[in-house]
Amino acid sequence: MPGAVSLQPGPIVLCAQKPRLLLGLPAPILIPFVGDLTKPARTTSPSVPDRVVASVRRLHWSPVTMQRVVSMVARLGLRGQPLPSVLGRPLSGSQDVLRRTPLYDFHLARGGKMVAFAGWSLPVQYQDSHVDSHLHTRRHCSLFDVSHMLQTKIHGCDRVKLMESLVVGDIAELRPNQGTLSLFTNEAGGILDDLIVTNTSEGHLYVVSNAGCWDKDLALMQDKVRELQNMGSDVGLEVVDNALLALQGPTVAQVLQDGVADDLRKLPFMTSAVMEVFGVSGCRVTRCGYTGEDGVEISVPAAEAVRLAKALLENPEVKLAGLAARDSLRLEAGLCLYGNDIDEHTTPVEGSLSWTLGTVTSGCPSPCLKKNVAMGYVPSEYSRPGTRLLVEVRRKQQTAVVSKMPFVPTNYYTLK
């Protein structure tokens, strides 16, 4: 069962709950704790001191530590052995092989601190600190470049048949322009990736999946297309080379409404529409995001991405934000990161047997709560809210209390 960890002086709070299914995924357990986790730690039950309940596998560093590592990585040119990413994923090889989004030069001009992430060069933050960007998103509105995500279209009369052969979820029941979070799974039921599938009114499925799984996701879909085509099915695959901008925060509707003719009150969470945005035609606007706040993701023609970003930033409510804020925002909202909290060894229903000791999968300081939070896995008998555990940090035991997810309530826009 997933969970979370807090790294801050004072009493430790562990967050957990019984499994509740969202697309078959058990809800993460949150574990706020004390101390500085720079070495593997483990948790034990106070009533069974010798029993290991969870061990820390991956750590999220403080903003100061992140910046030191980013600076060191830049000096080293990312040569030699892969270094741990600030977001829990491995940094790729040398800078000269990293892909660039259409906004790369724009980021540099705006003071973006570029790092390697999933094979791309992306801003981890700008001139504002990570914490300031995080809090601005919670209170106002931030613009994220997520153009590294894989965007595809599935065409043909058998498009739903193809997608339902690869994912969990009922794609056939999606209404026009309705989307759903789903999962690619392998034959053993392990999660290959999480993705959003939208049934567009234009007669195709619009799919957005993770950059870190780009190659395997694309190969998976291409292989299935060929298989079905050989059986006489009407299906095709198109890779969309648009940029993707995520506008996230409680004031997103008032910011975006100034630039669109469509009434955004009629565009609830997980629905999508093609519209002109601040004079840029052919944009697909989907009400979704990865922060827990109201937000949209705008698929925009690559040549118009900078123009649109500049138009959005003319509103003083909007500031640029990078990977660091995006990671802490999603963690506060209890949203899983593929490769950390879920992977091929995790099924949609529960963690596999490799989780019998439990593992803390991702964590960071929460700017909103002023505590460190994390997600991980513990045995179900220790997952009830209010359960007190001991967390071992640098050979010292600290008290932890299990509580519910998410750490910070989500604010998605839904029709009342």
Point to revise | Cut-off 16 Å, label 7 Å out along Cα→Cβ of Leu415, residues of region 166-187 by amide N | key: 174-180
Exercise for review: At 7 Å along the Cα-to-beta-carbon direction for both Arg110 and Asp132, put a label point, then send me their distance in nm to one decimal.
Suggested key: 1.5
Check your understanding: Which shape class applies to region 260-357: rounded if a/c is under 1.5, otherwise prolate when a/b exceeds b/c and oblate if not, where a ≥ b ≥ c are the square roots of the Cα gyration tensor eigenvalues?
Key -> prolate
Check your understanding: Given Cα pairs under 8 Å that are at least 6 residues apart, what percent is the relative contact order of region 226-368?
Key -> 20
Revision key, fill the gap. In whole percent, the fraction of accessible protein surface over region 271-388 that belongs to carbon or sulfur atoms, probe radius 1.4 Å, stands at 55
Exercise for review: Extending each Cα 7 Å along its Cβ direction at Asp263 and Glu314, get the distance between those two points in nm, one decimal.
Suggested key: 2.6
Study note, to complete from the structure: Beyond 28 Å (Cα-Cα) in this structure, taken from Lys371/Lys416; Lys113/Lys404; Lys266/Lys319, we find Lys371/Lys416; Lys113/Lys404
Review point. What translational D, rounded to a whole number of µm²/s, comes out for region 219-319 from Stokes-Einstein when the hydrodynamic radius is the Kirkwood one over Cα pairs, at 10 °C and 1.306 mPa s?
Key: 105
Revision key, fill the gap. Here the FRET efficiency for Val239 versus Glu276, based on Cβ atoms and R0 = 30 Å and rounded to 0.05, is 0.80
Check your understanding: What whole-number value in Å² describes the accessible area per residue of region 192-313 for a 1.4 Å probe?
Key -> 37
Review point. Normalised by the residues of region 172-240, what does the relative contact order come to in percent, with Cα pairs under 8 Å and at least six apart?
Key: 20
Check your understanding: Once both labels are modelled 7 Å past Cα along the beta-carbon direction, what's the Arg384-Glu187 spacing in nm?
Key -> 4.2
Review point. What length, rounded to one decimal in nm, is gained on full extension from Cys368 through to Lys216, with 0.36 nm per residue of separation minus their alpha-carbon distance?
Key: 51.1 nm
Exercise for review: Starting from the Cα of Arg100, step 7 Å toward the Cβ, then list every residue of region 282-303 with an amide N under 18 Å from that point.
Suggested key: 302-303
Point to revise | Candidate residues Arg100, Arg159, Arg284, Arg307: accessible-area rank, largest first, probe 1.4 Å | key: Arg100, Arg307, Arg159, Arg284
**Study point:** Largest to smallest accessible area among Lys404, Lys224 [probe 1.4 Å]
**Key:** Lys404, Lys224
Check your understanding: Taking a probe of 1.4 angstrom, what is the accessible area of Glu381 in Å², to the nearest 10?
Key -> 110
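The values are calculated or read from the model by the stated rules, or taken from the named source; none is laboratory data. In this text, all values refer to a predicted model and were calculated from it rather than measured experimentally. Heads up, the Cβs are rebuilt from the backbone with ideal geometry, glycines too, and the neighbour counts pull from every protein chain shown. SASA here: full protein model, heavy atoms, side chains in, ligands and nucleic acids out. Shrake-Rupley method; radii C 1.70, N 1.55, O 1.52, S 1.80 Å.
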